[in-house]
Amino acid sequence: MSDASGVATVKDIPNDALTTGLTTPVPTVPAPGNTPVVPQNAIPPQPSFVGSIIGDNPYFQAGFGLMGLGVVLTGARQALIFGSTALRRRMLVSLEISNKDKAYDWFLAWMAHQTQVQAQTAASSRSIFSRSVPWIRSHQLSVETTFEQRKNGSSSVLFNLVAGPGTHWFRYRGAWMQVKRERETRSMQMMSGQPWETVTLTTLSKDRNLFPSLLGEARELAMKGHEGKLVVMTAWGIEWRPFGLPRRKRPLRSVVLDDGVSEKIENDVKAFLDRRQWYADRGIPYRRGYLLHGPPGSGKSSFIQALAGSLGYDICLLNLSERGLADDKLFHLLSNAPERSIILMEDVDAAFNKRIQTSEDGYQSSVTFSGFLNALDGVASGEERLIFLTTNHIEKLDPALVRPGRVDLACLIDDASPSQAKRLFTGFYDSEQNIGLEHLGDELESMVDKEMKQGRRVSMAALQGTFIRNGPEEAVEAAKELFVNR
Ligand SMILES: Nc1ncnc2c1ncn2[C@@H]1O[C@H](COP(=O)(O)OP(=O)(O)OP(=O)(O)O)[C@@H](O)[C@H]1O
Ligand SMILES: [Mg+2]
């Protein structure tokens with residue numbers, strides 16, 4: 001505002017957001033050469049101290065402007081983040097599966113299976129489109145190798161290529177899903193030494209109902225792989241893990257035991273499995289222990305495997321002399337065996353009789369006999385527990401182990417009896433339409449009977465070995481040489 005006298009007095013400052021409140025006009029620096037003259041009758045403006053500093057200084061004005069802009073932008077950014085998080089929360093849904101969970105392996109195997117299927121369809125399809133748009137885009141793979149070396153020297157190996165750590169995408173029933181496999185490198189799982197891992201599946205919220213069906217499919221696929229197969233588990237630290245590939249089940253009747261023995265054990269196990277409530281009502285731990293004892297090669301291990309197969313159970317194989325197995329681990333393993341499994345401990349006599357001896361490198365087994373008894377007793381969980389022990393020397397076992405509650409049914413699985421030898425023989429060659437088979441069988445039966453009376457026996461394993469190498473006639477002939485004094 002300049003007056004007519006040409007003396008600059010006051011200048012209005014634009015009334016913007018920053019200067020609001022500074023209503024008093026603030027005098028500005030007069031134009032050079034002019035002396036500011038305050039008119040006699042004018043009321044001198046009374047600028048506040050802060051106002052005078054801020055309003056006077058263009059730097060401050062610019063600073064405030066910038067600050068305001070910053071505040072606005074930060075607010076907008078926060079709002080954007082908040083909005084997108086909220087949107088993601090509302091629109092997306094994630095499912096985390098850790099490798100502690102059974103579904104973890106199922107899911108990875110399922111994904112690997114889908115990749116294979118997709119690769120096959122892409123290869124067989126002529127359409128360029130189906131080749132260029134893979135159903136699953138996995139560029140980081142990891143391999144899970146299952147290797148099994150058998151006693152006879154043969155081995156089998158299976159490479160399973162599964163999605164490796166990283167991000168993968170796939171489509172399931174028309175919905176895209178993101179799979180993030182992450183590995184925690186800083187900490188390991190106690191005992192097993194495996195790193196923690198998680199797989200996170202993310203999809204649109206509207207497709208959340210696909211998760212259960214996807215997991216169900218993965219489980220079904222895993223079960224199908226095991227169908228008709230026997231899974232043998234071994235202890236890894238304090239965990240049970242499948243050992244080798246699932247094996248083909250052995251028919252129960254292919255293991256020929258003495259008359260009635262097989263039925264006796266089978267019926268006992270079935271009766272036990274039917275009486276869960278009975279046990280619960282009486283507060284008795286729902287467990288049953290079996291001891292199969294007898295000479296080597298009589299079919300103890302084979303019978304237990306065939307029985308597990310016929311019941312649809314897995315076998316948890318526990319070696320008591322295993323290094324690193326201490327009382328506490330044994331206790332944990334026995335109380336945490338997988339559902340529907342038989343715990344099998346072979347050669348229980350050896351585990352404790354050799355305890356005083358040390359192995360070549362001076363290692364001593366650290367499962368104590370009392371620890372073992374406690375572990376057998378302590379299996380008091382509500383879960384059913386079927387425990388099978390085997391030994392060649394029942395006489396070496398401590399009576400404390402064989403008492404009911406620990407061993408509820410002990411069975412002698414002996415060398416071949418006359419009828420057993422005949423049944424093994426006829427069962428072995430029955431596909432060979434041999435008319436004289438029955439007669440040859442009778443011959444073998446009476447041979448075993450005669451030798452038995454002279455205190456000489458033959459093991460079922462030895463008979464089986466001869467049958468494998470010979471035809472029926474030669475086998476009966478060769479069997480004469482197999483008897484040993486017992
Ligand atoms: N009763 C049987 N019926 C059919 N096959 C048998 C029988 N007994 C043994 N065999 C055969 O002999 C082999 C050895 O049997 P298995 O390992 O079951 O004997 P085991 O009693 O467990 O011996 P060990 O006491 O040495 O462990 C197997 O190949 C099995 O098929
Ligand atoms: Mg055995």
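The values are calculated or read from the model by the stated rules, or taken from the named source; none is laboratory data. All of these numbers come straight from a predicted model, not from anything done at the bench. Cβ atoms come from the backbone with ideal geometry, glycine included; neighbour counts cover every protein chain shown.
Brief remarks follow.
- For segment 319-356, a tally of residues being modelled with pLDDT of 85 or more, among the aliphatic types (A, V, I, L, M), part of a helix (DSSP H, G or I) and under 21 Å from H293 (Cβ atoms) returns 2.
- Residue in segment 252-272 that is of a type in the set (G, A, S), closer than 19 Å to A337 by Cα and not in a helix (DSSP H, G or I) present: no
- Within this structure, R275 fails the test of being of a type in the set (K, R) and within 16 Å of ligand 1 (Cβ to nearest atom).
- Of V71, V133, V117, all but one fail to be at pLDDT 80 or above, farther than 30 Å from A337 by Cβ and surrounded by fewer than 14 Cβ atoms within 10 Å (Cβ to Cβ); the exception is V71.
- Number of the exception - G228 against (1) away from ligand 1 (no atom under 16 Å from the Cβ); (2) within 18 Å of the chain's Cα centre (by Cα): (2)
- When segment 292-318 is filtered for residues that are touching a residue at least 60 places away in the same chain (Cβ under 8 Å), assigned to a loop (DSSP other than H, G, I, E, B) and either under 27 Å from E239 (Cβ atoms) or in contact with a strand residue (DSSP E or B) (Cβ under 6 Å, 6 or more places away or on another chain) (or both), the ones remaining, listed by number, are G294, Y313.
- Selected residue [of a type in the set (D, E, K, R), touching a residue at least 40 places away in the same chain (Cβ under 8 Å) and closer than 21 Å to A410 by Cα] from D274, D268: D268
- Residue in segment 230-247 that is touching a Ser or Thr at 6+ places or on another chain (Cβ under 6 Å), β-branched (V, I, T) and surrounded by 15 or more Cβ atoms within 10 Å (Cβ to Cβ) present: no
- In the set W176, W196, W236, only one residue is more than 30 Å from Y290 (Cβ to Cβ) and modelled with pLDDT of 85 or more; that residue is W176.
- Of all residues in segment 282-334 being over 21 Å from Q420 (Cα atoms) and within 13 Å of ligand 2 (Cβ to nearest atom), the one that is surrounded by the most Cβ atoms within 10 Å (Cβ to Cβ): I315
- A Cβ distance below 7 Å, combined with a sequence gap of six or more or placement on separate chains, defines the contacts here; from segment 465-486, residues that are of a type in the set (V, I, T) reach residues that are assigned to a strand (DSSP E or B) in the pairs V484/R456; V484/R457.
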